[in-house]
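Below is one structure, written out as structure tokens; comments come after it.
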Amino acid sequence: MTDNRLRYTATERNRDPILEILRQILPARGLVLEIASGSGEHIVHFARALPGLQFQPSDPDPKALDSIAAWAKHEAVTNVLPPLLIDASAEAWPMEHADAIACINMIHISPWTATIGLFGNAARLLPQGGALYLYGPYRQAGVETAPSNEAFDQSLKIRNSLWGLRNLEDVAELAAAQGFSAPDITAMPANNLSVVFRRL
């Protein structure tokens with residue numbers, strides 16, 4: 001029997017620190033859309049810990065969609081919906097509403113057009129006060145970038161010239177233009193950040 005589950009070692013390291021932030025910012029009830037769900041390991045972990053919420057995973061990669069479905073079945077979580085094929089850069093996603101949106105480790109491993117699409121669609125889907133949660137490494141003005149993040153940035157650009165660490169100020173400027181609050185920033189392990197924007 002084929003096991004379609006993908007496994008990423010970084011997920012085991014960061015899923016609990018991320019969950020602690022999500023516990024603080026997500027509503028008690030509602031629908032949480034995850035963009036770029038990847039293997040699905042994060043969303044099943046969050047769904048098991050937050051049973052009052054419904055989780056909608058998504059990804060543009062068919063192999064990731066298979067992995068997400070396989071993880072949800074393996075973990076027997078009933079509050080994870082079937083994954084959707086969503087390209088973050090698309091002008092319109094196949095969704096009408098989400099109470100919150102999470103996007104983990106996507107912005108630096110995608111073209112800038114994906115971030116533009118993320119905020120444009122989040123502005124359409126989220127209610128006033130709804131949270132858009134981002135996680136990953138960023139550059140910040142006046143803050144020295146960790147050597148490990150500099151090396152990571154170079155490796156990303158070698159893989160794809162359109163990828164790389166983003167300036168958090170550029171992301172915040174895009175967010176403001178789409179009607180979001182200034183970011184609430186929390187330092188995380190391994191030189192990553194949790195960044196929360198609220199729909200105004």
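The numbers here are math on the coordinates, done by the rules we state, and not lab data. In this text the structure is predicted, and so the values were computed from the model without any measurement. All Cβ positions, even for glycine, are placed from backbone atoms using ideal geometry, and neighbour counts span all protein chains on display.
Under the combined filter of DSSP loop state and at most 15 neighbouring Cβ atoms within 10 Å, the range 137-200 retains these GluC sites (Glu not before Pro): E144.
What length, rounded to one decimal in nm, is gained on full extension from E20 through to S148, with 0.36 nm per residue of separation minus their alpha-carbon distance?
Details: separation 128, 0.36 × 128 = 46.08 nm, distance 2.44 nm.
Length gained between E20 and S148: 43.6 nm.
Building the convex hull from the alpha-carbon atoms of the range 35-129 and averaging its projection over directions returns 5.9 nm². Between the residues W93, P127, G179, the greatest Cα displacement towards the positive end of the dipole of the chain, with unit charges on the Cβ of Lys, Arg, Asp and Glu, is found for P127.
Would you work out if the range 18-82 is rounded, prolate or oblate? Take a ≥ b ≥ c from the square roots of the eigenvalues of the alpha-carbon gyration tensor; rounded if a/c is under 1.5, else prolate when a/b is larger than b/c, oblate otherwise. Mind dumping the intermediate values first?
Numbers: a/c = 1.95, a/b = 1.58, b/c = 1.23.
Prolate.
Bridge orientation summary for the chain: considering DSSP beta bridges with both residues in this region, about 40 percent are antiparallel.
Quote to one decimal, in nm, the extra length available between W112 and L193 on full extension: 0.36 nm per residue of separation minus the C-alpha distance between them. Could you put the intermediate results ahead of the total?
Working: separation 81, 0.36 × 81 = 29.16 nm, distance 1.83 nm.
Between W112 and L193, full extension yields 27.3 nm more.
Express the relative contact order of the range 9-198 as a whole percentage, based on alpha carbon pairs under 8 Å and six or more residues apart in sequence.
Values: 338 pairs, mean separation 35.8, N = 190.
It comes to 19 percent, rounded to a whole number.
To the nearest 500 deg cm²/dmol, what mean residue ellipticity at 222 nm is calculated for the chain from DSSP H runs of n ≥ 4 alone, each contributing -39,500 (n - 2.57), summed and divided by the residues? Don't jump to the answer; show the numbers that get you there.
Numbers: 6 runs with 77 residues, N = 200.
Value at 222 nm, helices only: -12000 deg cm²/dmol.
Largest first and in whole Å, the equivalent-ellipsoid semi-axes of the chain read 24, 20, 16, each the square root of five times a Cα gyration tensor eigenvalue.
For the pair D3 and T186, what calculated FRET efficiency results from E = 1/(1 + (r/R0)^6), where r is the Cβ-Cβ distance and R0 = 30 Å, to the nearest 0.05? If you can, show how the numbers build up before the last one.
Numbers: r = 35 Å, r/R0 = 1.16.
It comes to 0.30.
A straight line joining the Cα centroids of the range 100-140 and the range 158-200 runs 7 Å.
A simple spin-label model places the labels of A92 and A49 3.6 nm from each other, with each point 7 Å out along Cα-to-Cβ.
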